[in-house]
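Single-structure report; data block below.
The values are calculated or read from the model by the stated rules, or taken from the named source; none is laboratory data. Please read these numbers as outputs of a predicted model, since none were measured by experiment. Note that we place each Cβ from the backbone using ideal geometry, even for glycine, and neighbour counts take in every protein chain shown.
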Amino acid sequence: MMGIEDAGSSSGAGATHDEERPPPLPPRPSLQPTPKDRASLQSKPTTALSSMTIQTLSFPDGSRGTFSTTVDDSAADDRTSPTEGHDVSALGFHPIGSARKQDTDESMSIMSMAPTMRPPGDLESLLVGDMTKRSPAWMLLQSQSASIQPFEVIRPDHSSTFAEFEREFADIPDESNRDWNDGDRLQLWKSKLKHYMILSSAGKPIYSRHGDLGLINSSMGVVQTIISFYEGAKSPLLGFTAGDTRFVIATEGPLYFVAISKLGESDSQLRAQLNALYMQILSTLTLPGLTNIFANRPSTDLRRPLQGTETLLSSLADSFTKGSPSVLLGALECLRLRKSHRHSINNAFLKARAESLLYGLIVAGGKLVSVIRPRRHSLHPSDLQLIFNMLFESGGIKAAGGENWIPLCLPAFNNRGYLYMYVSFLDGRPDGSASTTDASDADDAIAIILISPDKESFFTLQKMRDDVVTELKKKGHLDLIKATAVQGRPLVTEIAPSAHISHFLFKSRANVQFCMPSLQPTFSSLISHRRLMSLYSHLHASMHARHSHLKVLHCISDEATSLAWITPIFEFYCVAGPNTSRAVITQGANKIMQWAKREEERLFIIGGGVF
Amino acid sequence: MASRAGPAAGRGMNTRFAQFKLVLLGESAVGKSSIVLRFVKDQFDSYRESTIGAAFLTQTISLDENTTVKFEIWDTAGQERYKSLAPMYYRNANCAVVVYDITQSSSLDKAKAWVKELQRQANENIIIALAGNKLDLVSEQPDKRAVPTAEAEAYANEAGLLFFETSAKTAENVQELFTAIAKKLPLDQVGPRHTRPGQRPGGVNLGPAEGRDTQAGGPCSC
C-alpha cells in the first residue's frame, strides 16, 4: 500500500526506482546493492549493527557531528539559501550523512557508485549527481510541484478504503430501531474497517467494538471455533488474511483477543493494540482477579465484572483506529516548557509531596507536564497510556466534574494489586479558586494525578493537590501551563521554516517520549489524519520488521514522500509532498533534528522529580 | 479517607454553618451521578459514561437566610466490583441517598440491600433518603414504570427513610431531596453523639462561617 517499496529490499535505497515518476529520469547508475553487498550484509549483520551502534551513539548530542562536509552549490540551490546551508555545516550536524558514512555495508556501496567526484560525505551529496543531470525544465516542474501536500493526490484504490472511514465510528443501530433489519445491520457491521473482539476461551463473548453482542453472536461463535480448532491441534493460530482484511489473534490466559483490520497495519502493531486491551482488562480486575474468576467458573460471563469499562476499551480501540502516534511509538508526549519552569514545577510538586504518594503527575491537554516518582520506580508508558485513555479519551472522569478516587491496577507496575488514583481537573484560571472545572471537553484541561497504594489516603492527597495548586498559582506556573496547553503544538513551519516537510514524529528512545508538530493545516481532518498515521505505521513497520536492520528508509509514492530514520538514540519519521526530492526532505529532516537537539530539555522530561 | 471529621457546625453573627458528609449508593446506571450533577451544577447529560471508582463533589445550600449547609458528596460507582470499597465512603457519612430506577424493579431490591447494609454498618444516626429516579421516562410513557410509587413509599416509611421520586433530567425533586435531608440533619446539636464509639467525634467549630471550607482537617488529623 501507499506505493511504498518493499522494506525487504533493505538499505532504503530500494525505493529509488519509483522516484519522480512523471518525466522519465535519465538512467541511474545502479543504486541497488550488488549481490555481493547483499551477501556480505547477510553474512555478518550483527557486526554491521554494532559498528553502527557505537558510531552513532554520540551524534545527537552534537559531539560527533564535526564532519568537514562543505555544503555544495547544487545542494544549496535546492531551495535552501546559502546561509541556511552554512548553518547546517557550522553546527556540524549532518546526522544522516554521518550515519550513512559509517554504514558501509549498506550504503557506501550506493555512494561509491554514484557518478560524482565529490567525497561520499553525506546523503545530500549523494543526490547531487541526480540533480545535476536534470534538465532545467524538470527543475522548474519540480519546484512548482513541491508545494503539493501529502495526500493531495490520492490513488483511486486508496480513496475507496478511506471513504468509509468517515463512518467508522458511527454506531450501529440496535434492535429497538425498527427502520433497520438484521441483514442491514450486519451489512453495516461488516463495512467497518476495524474490529476488536474479546471472548473467553469457553466461547462467551466479552466485548466487541462494533455491534451489540446479539447481532454478532454467530460471528463470535465462528471465531471461537476457528481459534479453538488450532488450540486443539497444539498449534495456536496467530493470524490470517482474507482478501484485504488481516486477522490477528492473541491468547492471554482464559481470553481470546481478535483484531480485524482493513487499514494495513502490521501484525506486531495489531498485536500491541490487542495487548493494550488486555492491559485495560487487567487494570480493572488484576491478573489474580481475572484468573480466579475463570478458575472458579470457566463459563463466567466476564461482561459483568467488566461492566462500565466498555467505554474505556472502546476509547482505546478508537484511538488505535484513528491512529495514535503515542501508541505507534509506545511513547508519551510532553508539554513543551522551559527547563527552568519545569524544574520549578517539579520542585513545587516535590515539596508538597504526601507521605503515601507513589507517583504524581501533572498533565495538560493529554501532555505530561511534570512527574514525580520514587527513585526505585519509573512509570511504564503502557500504564500511563491506560491512565491517559481513562482521563482524556473517555469522558467518564472529566464529566463527573469533581475530584475522583479510582482504584486501578497498573499492570506494568504490578499486575497483582490495586493502586488508588486521585484525579482533579483544574480550571487553571488565575482568579479561580482550587475548584474543579466544568465538565468541559476542552483539550487543554489540566489534571493533577496522584497515585498511592493506600486506599484511605484520599484526603491526604486532596490536601497535597491544594498545596501544589497554591504553590503553582503563586509562581504563575498554572497560567503558564494553561497558556502553553492552549497554544498547542507548533506548526512545522515554525520549527523549520522552508523545510518542505509537512509533518514529523520524533521519538527520544531513552526518555520514551516523542514530539510532533501540529496536525494543522494538512492533517486536521479525520481521514487525512488516518492517512498520515497509516503512512507512519507503514514506515514504522518497515523499520521494525524483524531482520530488516534498517537505519534510513526513504519512500516515495504518488501520494507522499516520507523518510524514516532510526538510531539508538531516536526514531524519526517525516512526511512531505509527493514531489519533494530526497535532498529536500533530507535537509528538512536535518533542520528538525537540530531543532529537536536544541530543544531537547524543553520537549522532554528527563528524569523528572525523584524522591 | 478519615482525616476529615464528621459534621462541623458553627454559629456566629446569627448565621449557622454546617458541613455534612453524604454518600450516594445504588445499582449501576440508576442515575446517581446524574442526580449529583443536577444538584451540584444544574446540568444533565443523557450519554453519561459510568462512574469509575468514586467522585467527590461539594455543594452548599441555604436553608434559610442564616443557615448554610455544605454537603461533601461521595458519588460512588454502582458496579459490583466496587462493592468492597463502599464502607470507606459510608463509614463517616451523616446522610446517604440510595437511588433506584423506577423503570427497573430489580434496582429497588438492590437499594433495599444498601439500606440494610447502611442501617447495620454505618453511623447509627445516619439519615437515609430513598430516591426513585428517571421519573421523566414514566411521565412520557406510563407503561415503563416498574416500581409503583406506593410500594416504594410504603417500604420507605417502614424503614424510616425519606422518600422522593426524582428526575435528574427534568430536575424534578432533586433540590427538594437534598433540602429535605439538610432539614433533617441535626444542625443545632452536632457532636460526639452522632458517631459511634471508636469513631472520631465530629468537631464543633464556633468561628464565623467564612473560610470554613479551607479548614479541611478540622480538629483532628490522625
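Here are some residues: B:Leu37, B:Leu24. Which one is surrounded by 24 or more Cβ atoms within 10 Å (Cβ to Cβ), of a type outside the set (Asp, Glu), outside any helix (DSSP H, G or I) and within 14 Å of chain A (Cβ to nearest Cβ)? Of the residues listed, the single one that is surrounded by 24 or more Cβ atoms within 10 Å (Cβ to Cβ), of a type outside the set (Asp, Glu), outside any helix (DSSP H, G or I) and within 14 Å of chain A (Cβ to nearest Cβ) is B:Leu24. Looking at the stretch A:500-611, the helices (runs of 4 or more DSSP H) lying wholly inside it that each contain 2 or more residues that are out of contact with any Asp or Glu (no Cβ under 8 Å at 6 or more places or on another chain), touching a residue at least 60 places away in the same chain (Cβ under 8 Å) and buried (at least 22 other Cβ atoms within 10 Å of the Cβ) sit at A:526-544, A:582-598.
Would you mind finding the one in B:Thr58, B:Thr51 that is in contact with an Asp or Glu (Cβ under 7 Å, 6 or more places away or on another chain), assigned to a loop (DSSP other than H, G, I, E, B) and under 26 Å from A:Pro407 (Cβ atoms)?
Residue meeting the stated conditions: B:Thr51.
The set of residues in the stretch A:219-238 that are hydroxyl-bearing (Ser, Thr, Tyr) and within 13 Å of A:Phe257 (Cα to Cα) contains only A:Ser228.
Report, by residue number, each residue of the stretch B:127-153 that is farther than 23 Å from B:Phe178 by Cβ and either of a type in the set (D, E, K, R) or out of contact with any Ser or Thr (no Cβ under 6 Å at 6 or more places or on another chain) (or both). Within the stretch B:127-153, B:Glu140, B:Gln141, B:Pro142, B:Asp143, B:Lys144, B:Arg145, B:Pro148, B:Ala150, B:Glu151 meet the criteria.
Determine which member of the set B:Ala168, B:Ala156, B:Ala152 is closer than 16 Å to B:Leu24 by Cα and either buried (at least 19 other Cβ atoms within 10 Å of the Cβ) or at pLDDT below 95 (or both). Steps first, answer last, please.
Working: B:Ala156 fails: closer than 16 Å to B:Leu24 by Cα; B:Ala152 fails: closer than 16 Å to B:Leu24 by Cα.
Selected residue: B:Ala168, the only one of B:Ala168, B:Ala156, B:Ala152 that is closer than 16 Å to B:Leu24 by Cα and either buried (at least 19 other Cβ atoms within 10 Å of the Cβ) or at pLDDT below 95 (or both).
Please verify whether the stretch B:74-86 includes one or more residues that are assigned to a strand (DSSP E or B), crowded, with 18+ Cβ neighbours inside 10 Å, in contact with a helix residue (DSSP H, G or I) (Cβ under 9 Å, 6 or more places away or on another chain) and facing another protein chain (nearest Cβ under 9 Å). Scanning the stretch B:74-86 turns up at least one residue that is assigned to a strand (DSSP E or B), crowded, with 18+ Cβ neighbours inside 10 Å, in contact with a helix residue (DSSP H, G or I) (Cβ under 9 Å, 6 or more places away or on another chain) and facing another protein chain (nearest Cβ under 9 Å). The residues of the stretch B:46-66 that are surrounded by fewer than 17 Cβ atoms within 10 Å (Cβ to Cβ) and farther than 22 Å from B:Leu108 by Cα, listed by number, are B:Tyr47, B:Thr58, B:Gln59, B:Thr60, B:Ile61, B:Ser62, B:Leu63, B:Asp64, B:Glu65, B:Asn66. Highlighted here are the helices (runs of 4 or more DSSP H) found entirely within the stretch A:154-273 that include at least 2 residues which are assigned by the TED database to the domain that holds A:Leu287: A:182-190, A:213-232.
Only residues that are more than 32 Å from the chain's Cα centre (by Cα) and assigned to a helix (DSSP H, G or I) were counted in the stretch A:470-486, giving 4. Within the stretch A:289-307, the set of residues being in contact (Cβ under 8 Å) with a residue 40 or more places away in the chain and touching a Ser or Thr at 6+ places or on another chain (Cβ under 9 Å) comprises A:Phe294, A:Pro298, A:Ser299, A:Thr300, A:Asp301, A:Leu302, A:Leu306.
Name the single residue that is nearest to the other protein chains (Cβ to nearest Cβ) among those in the stretch B:44-71 being out of contact with any Gly (no Cβ under 9 Å at 6 or more places or on another chain) and under 19 Å from B:Ala168 (Cα atoms). The qualifying residue nearest to the other protein chains (Cβ to nearest Cβ) is B:Ala54.
In the stretch A:255-271, which residues are under 20 Å from A:Glu310 (Cα atoms) and surrounded by fewer than 19 Cβ atoms within 10 Å (Cβ to Cβ)? Matches in the stretch A:255-271: A:Arg271 only.
Listed by first and then second residue, the pairs linking a residue in the stretch A:448-472 that is in the same structural domain as A:Leu361 (by the TED database) to a residue that is part of a helix (DSSP H, G or I), with Cβ atoms under 6 Å apart and 6 or more places separating them unless they lie on different chains, are A:Ile448/A:Arg465; A:Leu450/A:Leu461; A:Val468/A:Phe349; A:Glu471/A:Ala348; A:Leu472/A:Ala348; A:Leu472/A:Leu478. Residues that are within 12 Å of chain A (Cβ to nearest Cβ), touching a residue at least 40 places away in the same chain (Cβ under 8 Å) and either under 16 Å from B:Lys116 (Cα atoms) or under 13 Å from the mean Cα position of the chain (by Cα) (or both) within the stretch B:87-98 comprise B:Tyr89, B:Arg91, B:Asn92, listed in sequence order. Summed over the stretch A:562-583, the residues that are modelled with pLDDT of 90 or more and not aromatic (Phe, Trp, Tyr) give a count of 11.
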